[in-house]
Structures are given as structure tokens and as C-alpha cells.
Amino acid sequence: TFVILATLFFGYFASKISVKTIYTDLLPQNHPYINVHNEIRNVFGGSNQVLIMVQVKDPAKGGKYKDIFNPDTLGKVKFINDELKKFQGVDRYKILSIAEKKIRNMQLTSKGYVSEPVMWPDVPKTEEQLHKLKLDIYGNPACYPGLVSLDSKSALVMVDFFEEQINYATCFKELQELRKKTEDANHIIAIAGEPMHLGYIDSYVGDVVKIVSYTILAMLAVFYFFFRSKRGMLLPIAAAAISAIWGLGFLSLLNFNLD
């Protein structure tokens with residue numbers, strides 16, 4: 001009776017346990033280096049930065065464009081830049097691309113310094129506008145080669161997320177949907193970053209559950225073959241399950257999350 005009641009008690013709290021990764025829990029918070037990191041991560045970015053590359057396919061391999069300086073490709077860069085602002089937990093200040101307003105072109109004229117956005121608010125359409133954009137980017141060290149590759153076939157969009165607000169499963173789903181909307185026969189959308197990495201891991205949880213289920217069935221079969229009784233088959237599995245439930249429930253009672 002005690003075992004049943006204790007299992008029900010810990011089982012209730014085990015169902016409430018949070019499953020997530022908090023990197024700050026892995027760091028010694030009293031160390032002076034970590035204190036500096038905590039102060040500057042909200043300004044310079046943390047471990048949740050995502051890099052999105054918009055690349056034109058090589059014309060020799062069926063692509064249509066020789067570089068990014070065309071309305072179609074530039075439109076995709078702007079679309080991705082604007083869509084990222086709608087993501088959950090995104091730090092809008094840390095979105096960087098040639099389509100972002102804060103990426104500006106500085107010029108010295110007879111009237112003084114003139115600061116204009118490189119490609120904001122609209123994407124250039126005419127050949128004259130595209131040529132001007134190309135000159136502006138090539139002459140701007142903040143854009144070239146930082147946000148546009150040396151061969152001009154790729155453009156980079158950078159984004160970061162608040163560590164306390166990001167949900168990796170949701171972020172992964174939103175990034176995958178963004179890729180589906182923008183990738184086509186002429187463009188490759190490559191996405192890298194810790195949220196994508198953890199999102200891929202999370203997407204295989206269902207497969208892991210299947211493997212665990214098949215493993216338990218195989219263990220049941222082996223126990224029955226070895227012990228030649230249902231009691232010998234079920235008791236080891238029941239003991240392991242009870243131990244797991246008590247352990248997870250105890251973690252939840254202590255306000256720990258399961259990584």
C-alpha cells in the first residue's frame with residue numbers, strides 16, 4: 001500500500017516536471033567571468049544565435065541567378081528579416097542583415113556625413129537601383145564580406161533569442177516553416193545555430209520513445225525466457241518504472257528541470 005501511495009504521489013509531481021535546457025545552470029554563477037558574461041550577453045548575443053544563409057544556386061546546376069543582386073533573392077532576404085521579428089522570444093535588436101534599417105551606408109559629401117540604410121524599406125527593382133546597391137555593399141565593411149559573401153552568391157541573416165524566453169521546439173518549427181516558404185529551385189536556405197541543433201534533437205523524441213518501447217518489449221521477452229514465469233518477467237520492469245517515477249517526482253519537488 002505504501003509503495004502504491006508513494007508512487008501515485010511522486011507520479012503526480014513527475015507529470016509536472018519541466019523538460020528543457022538552461023545553459024546558465026551549467027555555469028558557475030559566482031565566477032567573475034560568468035558575471036561579466038551575464039552582463040554583456042544581452043548586448044552582444046548569447047548561445048542562441050541563429051545564422052540563416054540565402055544562397056543562389058549555381059547556374060551550371062540549374063540555377064537562374066549568378067549572384068544575390070536581383071529582386072527575387074533580395075526579396076527573400078527582406079522577407080526572412082521581417083518574419084524573424086514575429087518569432088517567439090526573438091531579440092529584435094540583434095537581427096542583422098542588409099535588409100535591416102540599422103545597417104547603414106555612410107558617405108562623406110560636401111554637406112557632411114550622410115547616413116542612409118543600405119536596403120530599407122524597399123528592395124531595389126531597376127537595374128540602376130541594383131547597381132547602386134551593389135556599390136554600396138561593396139564599399140561598406142559592415143556588409144561585405146560580413147553579410148554578403150565574397151563571391152556575392154550568399155547573403156547572411158543573423159538573429160538571437162532571449163535565453164529566458166526561447167522555446168526550442170517552437171523556434172525549430174518556426175525556422176523550418178520559414179525555410180519552406182523561401183527555398184525554391186533557385187535558392188538554398190541554410191540554417192545553423194544551437195536552437196536548430198536542439199530542435200532536431202527534440203524532433204526525434206517520438207522515434208526515441210518507439211525505440212524505448214521496443215527495448216522494453218525485448219527485455220520482457222528475455223526475462224520470461226530466463227525466469228520462465230510472469231513474476232520474473234514483470235518485477236524487474238515494475239521496479240525500474242517505480243524507481244524512475246520516484247526519481248522524477250523528487251526532482252520536480254526540488255524545482256529542478258530535466259535536461
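The values are calculated or read from the model by the stated rules, or taken from the named source; none is laboratory data. The structure displayed is predicted, hence computed values, not measured ones. All Cβ positions, glycine included, derive from the backbone under ideal geometry; neighbour counts span all protein chains shown. All accessible areas refer to the heavy atoms of the entire protein, side chains included, with ligands and DNA or RNA removed. Shrake-Rupley method; radii C 1.70, N 1.55, O 1.52, S 1.80 Å.
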Handout entry: Residue check for T215: over 30 Å from F69 (Cβ atoms), without any contact (Cβ under 8 Å) to a residue 12 or more places away in the chain and part of a helix (DSSP H, G or I)
Key = yes
Exercise for the section: Mind listing just one residue for me: the one in segment 99-143 that is in contact with a strand residue (DSSP E or B) (Cβ under 6 Å, 6 or more places away or on another chain) and not in a strand (DSSP E or B) and, of those, surrounded by the most Cβ atoms within 10 Å (Cβ to Cβ)? Expected result: I137
Practice task
Search segment 144-157 for residues being more than 24 Å from the chain's Cα centre (by Cα) and touching a residue at least 40 places away in the same chain (Cβ under 8 Å), and hand back the single one that is surrounded by the fewest Cβ atoms within 10 Å (Cβ to Cβ).
Solution key: D151
Handout entry: Breaking point among (1) at pLDDT 90 or above; (2) more than 20 Å from T182 (Cα to Cα), for V123
Key = (2)
Completion exercise
Being on the phi < 0 side of the Ramachandran plot, aromatic (F, W, Y) and open to solvent by 50 Å² or more (accessible area, probe 1.4 Å) narrows F227, F161, F172 down to just F227
Exercise for the section: Please state which one of K86, K66 is open to solvent by 60 Å² or more (accessible area, probe 1.4 Å), touching a strand residue (DSSP E or B) at 6+ places or on another chain (Cβ under 9 Å) and not in a helix (DSSP H, G or I). Expected result: K66
